[in-house]
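Every number in this text was worked out from the coordinates using simple rules, so none of it is lab data. None of the values given here were measured: they were computed from a predicted structure. Don't worry about glycine lacking a Cβ; one is built from the backbone with ideal geometry, like all the others, and counts go over all protein chains shown.
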Amino acid sequence: MDGFSFKRLLRRPWLSILSFIIAGALCTLLCLLSNYLDAQRANLDSLRENYGVKCVVTDKRGTKSTSLCLAKRYTDFIRDEENGLGSFIKELLLTKEFAGSGYIGSVTVLGVSSPRCDEALDPAMGGSYYTEEEDFFLLDEPVCLVPKEDYDDYSGGELALALKDRYGENDGLGEGTRKFRVVGWYGGSGKVFIPYPYAFSTGASLSEHPSTDSVAFILRDNESKAALMEAAAPMFTEVDPSSVNYGFAINVNDEQYKATVSAVKQDISRTELLLPLLSLLSLGAGFLVGFLGTRGETKNYALMRTLGAARSKLMLTVLLEQQLPPLIASVAAGAAAGKPLTALMFFAFNTVGCFASAARQVMTPPTRLLRDSEQ
């Protein structure tokens, strides 16, 4: 900046201060809005990737999701990644239930493939558990989790339970005794948990009808409902409350997911509409500063042009004079918000506005400037 521009800044400090305040406020708001928009977009990506839309196998009416007695062909189809639903599934939740009795009393013996199969185990639902076997839910071995209050009595020992699989009752089958090694506890009562693979094989040996009581799964891609139902058509339908036919349906519980995604998308759209508005305000702020800075300077510019000052050099001098405070404010705001490119965009719009306002006074021929000033 030359001495002339610096002296003019000192001679009109109010304009420099006003320019600095307006630029600082607008640039800070633009940077904060840009940060918020980035956060919402990241939130949307996270929702799509991590929300976990749960699909539940039910009867056709959608009124029953437990004690379904799903034959093995259904679970095989669900697991099949080539010709079934396996490619759509992130996590599979399977249960197999028995009535059990023994020294521990009458309990429900529940085979589970994941802690998310039951609220008593699922930490996300307030449940808790401990097991000595890290891969407990994948084992095809007679191991179990007992209520925490009973763990000290059975820890390291065996628990004998008479099991009853009701799906073999009509054939006079479905009963037998199994001994389980106690390897952990859970925070609750009334149940004994065993690994689903062992529960499934035990049910097959007791009743000769290998079956699964409930099936649910978490979608790998939350946007894949249509493709999932198309792939499921050979074995499953959508829920139909009026249905009277025997069979099974898949209920995709994506209502909350859709509502959440829709709300975030609307927020992003509103924010995106504000960005052009702030850009126009940046342009207007530059125009206002340029107008105030060049108002009443007609004779000075005419004299400088008459003395040989080039139009481009004079325009550059005026821009340096008017845009130094906004430049300082933009750099400070961009650094504070971590948005240097956004701050640069603001400064560019501000400079364009200032140029548009000052160009009329600076770029006009001296004779016309003098004539206008004399009128």
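Numbers below:
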{"item": "Contact order normalised by residue count of the range 54-253, Cα under 8 Å, 6+ apart, percent", "result": "36 percent"}
{"item": "Theoretical ellipticity at 222 nm over the chain - DSSP helices of four or more residues, -39500 (n - 2.57) apiece, nearest 500", "result": "-17000 deg cm²/dmol"}
{"item": "Cα centroid of the range 226-284 to Cα centroid of the range 131-193, whole Å", "result": "41 Å"}
{"item": "Order of Ser205, Ser242 - criterion: other Cβ atoms within 10 Å of each residue's Cβ, fewest first", "result": "Ser242, Ser205"}
{"item": "Among 42-52, 217-227, 177-187, the order from most to least packed when residues are scored by Cβ within 10 Å on average", "result": "177-187, 217-227, 42-52"}
{"item": "Alpha-carbon radius of gyration plus Dmax, which is the widest Cα pair, for the range 102-204 in Å", "result": "13.2, 41"}
{"item": "Nearest 10 degrees, 0 to 90: helix 340-363 Cα axis against the chain principal axis", "result": "20 degrees"}
{"item": "Pairwise Cα inverse-distance average, inverted: Kirkwood Rh of the range 159-240 (Å)", "result": "15.9 Å"}
{"item": "Cα-centred dipole magnitude for the range 54-253, charges only on beta-carbon of K, R (+1) and D, E (-1), debye, nearest 20", "result": "480 debye"}
{"item": "Descending Cα extents along the principal axes, the chain, whole Å", "result": "116, 49, 31"}
{"item": "Global geometry of the range 95-162, whether rounded, prolate or oblate, following the gyration tensor of its Cα atoms and the 1.5 cut on a/c", "result": "rounded"}
{"item": "Chymotrypsin sites (Phe, Trp or Tyr not before Pro) restricted to DSSP loop in the range 225-262 with at most 15 other C-beta within 10 Å", "result": "Tyr246"}
{"item": "Positive minus negative residues near Val146 (Lys, Arg vs Asp, Glu; Cβ under 15 Å)", "result": "-3"}
{"item": "The range 35-162: relative contact order in percent, alpha carbon pairs under 8 Å with at least 6 residues between", "result": "13 percent"}
{"item": "Antiparallel DSSP beta bridges within the chain, as percent of all bridges there, nearest 5", "result": "75 percent"}
{"item": "Within-14-Å neighbourhood charge of Asn251 [Cβ basis; K, R +1; D, E -1]", "result": "0"}
{"item": "Cα gyration tensor category, rounded, prolate or oblate, for the range 129-278 with a/c compared to 1.5", "result": "oblate"}
